[in-house]
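The values are calculated or read from the model by the stated rules, or taken from the named source; none is laboratory data. Treat the numbers as computed from the prediction; the structure is a model and nothing was measured. Glycine also receives a Cβ, built like all others from the backbone with ideal geometry; neighbour counts cover every protein chain displayed. Surface areas here come from the heavy atoms of the whole protein model, side chains and all, with no ligands, DNA or RNA. Shrake-Rupley method; radii C 1.70, N 1.55, O 1.52, S 1.80 Å.
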Amino acid sequence: MRDSNHRRVAIVRAIQGETSVANSLIEARRELSLANRIVANEGVIDAFGHVSMRHPDNPRRYLLSRSRAPELVSPEDFIEYDLDSKPVREPSVTQYSERVIHGEIYKARPEVNSVCHHHCAAFMPLLATGTDYVPVFHLGAIGGIKPPFWDQHDEFGDTNMLVVKPEEGASLARALGPHWMVLMKRHGVTVAGTSVRDCVFRSVYSARNAEYQVQSLAIGGAIASLSPGETQLASQIVATTTGLTRSWEYWSMRVAKAGGAAAKPANKPANKPANKPAKPARAASKPKHAAKARRR
């Protein structure tokens, strides 16, 4: 009898554990879908580029959408990859060719849980001229001071500029090193984060900073960039204030207003019951004088 009870308890716990894992994965897919839509809506990514996340329950895997424009990515679009960027289950849809960017960074940096690769227009003048990124306002500090450049040509010669081979992705990950952003000459930018929201924050505000920096260069004169101490302190804003939550809610609302995924309020249950359908309006009663007129 006692053994039977133990078995029942074990089965119940196993079911609860499986349910918990399933729910966390569902929520992760929703958040990652919204992340792709946010960076698109904020002008960081257009038809090209992608945001991924490390699997919430298996650090040796990650989630990345099938090949489509980020603004259209839905929770059902994600493919599960191992860190060699091979799909766990062969998908019946096309895949991003540059997925090794994500896999090799996750492989090299265990603390990284999200990666964004983009070609934001704000960065292009810096990438074309090899000009160092420097923080020119406090939120731009999350990009660091003079993050590293990576030139694919140095190691691989003439290519089509896409990072598609594991050795190319590994080279990019080495260039990133301990930093949170690496600038890819004549190509784009790759940003890492401790979470999906952290990665989105870094992607959006580093792009804003690049825009302001290029505008400042156009004006001329010396740029009053943040000092190393200011950069270190300002980069902690995302982790020590409500700034990350406020930004995520704001960007989610903007996506919703643009007709994308609806923003879910913070501190509200995820499974909010749907509104009950409105009762059909009762037919208006016919005026009595009209009925009398028919009887005549």
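Give region 81-92 a look and list any residue that's open to solvent by 20 Å² or more (accessible area, probe 1.4 Å), in a loop (DSSP other than H, G, I, E, B) and in contact with a helix residue (DSSP H, G or I) (Cβ under 9 Å, 6 or more places away or on another chain), or say none. Full working, then the answer.
If we filter region 81-92 for residues that are open to solvent by 20 Å² or more (accessible area, probe 1.4 Å), which is where we start, we get 82, 84, 86-92.
In the following step, the residues that additionally are in a loop (DSSP other than H, G, I, E, B) were identified as 84, 86, 88-92.
Of everything in region 81-92, those that are open to solvent by 20 Å² or more (accessible area, probe 1.4 Å), in a loop (DSSP other than H, G, I, E, B) and in contact with a helix residue (DSSP H, G or I) (Cβ under 9 Å, 6 or more places away or on another chain) turn out to be ASP84, LYS86.
Output the number of the condition that TYR133 fails; it satisfies all remaining conditions of (1) surrounded by fewer than 21 Cβ atoms within 10 Å (Cβ to Cβ); (2) not in a helix (DSSP H, G or I).
(1)
Among the numbered criteria (1) aliphatic (A, V, I, L, M); (2) more than 22 Å from SER67 (Cβ to Cβ); (3) touching a Lys or Arg at 6+ places or on another chain (Cβ under 9 Å), which one does VAL191 miss?
Only one criterion is unmet by VAL191, namely (2).
Given region 174-250, what helices (runs of 4 or more DSSP H) lie entirely inside it while holding 3 or more residues that are open to solvent by 80 Å² or more (accessible area, probe 1.4 Å)? Steps first, please.
Details: elements: 196-219, 228-234, 237-240.
Helices (runs of 4 or more DSSP H) meeting the threshold: 196-219, 228-234.
Among the numbered conditions (1) touching a Cys at 6+ places or on another chain (Cβ under 9 Å); (2) closer than 30 Å to ALA224 by Cα, tell me where SER114 comes up short.
SER114 satisfies every listed condition except (2).
Output yes when any residue across region 148-164 is aliphatic (A, V, I, L, M) and either within 22 Å of GLU42 (Cα to Cα) or open to solvent by 70 Å² or more (accessible area, probe 1.4 Å) (or both), and no when none is. Show your work before the answer.
Kept after step one, since they are aliphatic (A, V, I, L, M), are these residues of region 148-164: 161-164.
Filter again for either within 22 Å of GLU42 (Cα to Cα) or open to solvent by 70 Å² or more (accessible area, probe 1.4 Å) (or both), leaving none.
Among the residues of region 148-164, not one is aliphatic (A, V, I, L, M) and either within 22 Å of GLU42 (Cα to Cα) or open to solvent by 70 Å² or more (accessible area, probe 1.4 Å) (or both), which makes the answer no.
Taking the residues in region 93-117 that are among the polar types (S, T, N, Q) and outside any loop (DSSP other than H, G, I, E, B) as candidates, determine which candidate is most open to solvent (accessible area, probe 1.4 Å). Walk me through how you get there before you give the answer.
From region 93-117, those among the polar types (S, T, N, Q) are 94-95, 97, 113-114; that's our starting set.
If we keep only those that are outside any loop (DSSP other than H, G, I, E, B) too, we end up with 95, 114.
Values: GLN95: 47, SER114: 0 Å².
By that ranking, first place goes to GLN95.
Looking only at region 224-250, filter to residues that are among the hydrophobic types (A, V, I, L, M, F, W, C) and within 27 Å of the chain's Cα centre (by Cα); which one of those is nearest to ALA141 (Cα to Cα)?
First, the residues of region 224-250 that are among the hydrophobic types (A, V, I, L, M, F, W, C): 224, 226, 233-234, 237-239, 244, 248.
Then drop every residue that is not within 27 Å of the chain's Cα centre (by Cα), which leaves 226, 233-234, 237-239, 244, 248.
On the way: LEU226: 8, LEU233: 9, ALA234: 6, ILE237: 9, VAL238: 10, ALA239: 13, LEU244: 14, TRP248: 18 Å.
Within region 224-250, the match that is nearest to ALA141 (Cα to Cα) is ALA234.
Only one of (1) under 25 Å from HIS55 (Cα atoms); (2) modelled with pLDDT of 95 or more fails for ALA239. Which number is that?
(2)
What pairs come out if I take residues in region 198-223 that are in contact (Cβ under 8 Å) with a residue 12 or more places away in the chain and closer than 15 Å to ILE142 by Cβ and pair them with residues that are open to solvent by 10 Å² or more (accessible area, probe 1.4 Å) and among the acidic types (Asp, Glu) whose C-beta lies under 8 Å away, six or more apart or interchain?
From residues that are in contact (Cβ under 8 Å) with a residue 12 or more places away in the chain and closer than 15 Å to ILE142 by Cβ, the pairs are VAL204/GLU42; ALA207/GLU42.
Please go through (1) out of contact with any Gly (no Cβ under 8 Å at 6 or more places or on another chain); (2) at pLDDT 95 or above for GLU90 and return the number of the only condition it doesn't satisfy.
Just one mismatch for GLU90, condition (2).
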